[in-house]
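The values are calculated or read from the model by the stated rules, or taken from the named source; none is laboratory data. Computed from a predicted model, the values in this text were never measured in an experiment. Backbone-built Cβ (ideal geometry, glycine too); neighbour counts: all protein chains shown.
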Amino acid sequence: MAETSAFPRRVAFGFYTLLLLFGVAFYAIWGWIYNSWNIFERSNAGVYAVLVIMVGFGGVGMLLYRRPIQPV
């Protein structure tokens, strides 16, 4: 069986890791600048939407592209 390169998998995992980190950083910076930490307020719905998309895709992508289990 031909061996596949692990490089594309590592690049994708790195991208999704950055996406997750940027989502958390976006929320922290937004809360710090606007002193608005309650994401459930009606005026913060856009921030919550961006946070959920970035963290959600980042987390799911990291789960999908983690190191594969080696067969025994």
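Below is a table of values for the structure above.
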read-out: Residue check for residue 25: of a type outside the set (D, E, K, R), modelled with pLDDT of 95 or more and in a helix (DSSP H, G or I); value: yes
read-out: Boolean, residue 37 is exposed (fewer than 12 other Cβ atoms within 10 Å of the Cβ) and out of contact with any Ser or Thr (no Cβ under 6 Å at 6 or more places or on another chain); value: no
read-out: Verdict on residue 10 being of a type in the set (Lys, Arg) and surrounded by fewer than 11 Cβ atoms within 10 Å (Cβ to Cβ); value: no
read-out: Residue among 46, 59 that is free of Cβ contacts under 8 Å to residues at least 24 places away in the same chain, part of a helix (DSSP H, G or I) and not aromatic (Phe, Trp, Tyr); value: 46
read-out: The stretch 31-72, residues that are closer than 21 Å to residue 7 by Cβ and charged (D, E, K, R); value: 66, 67
read-out: Subset tally (residues that are more than 16 Å from residue 16 (Cα to Cα) and among the β-branched types (Val, Ile, Thr)) for the stretch 29-72; value: 6
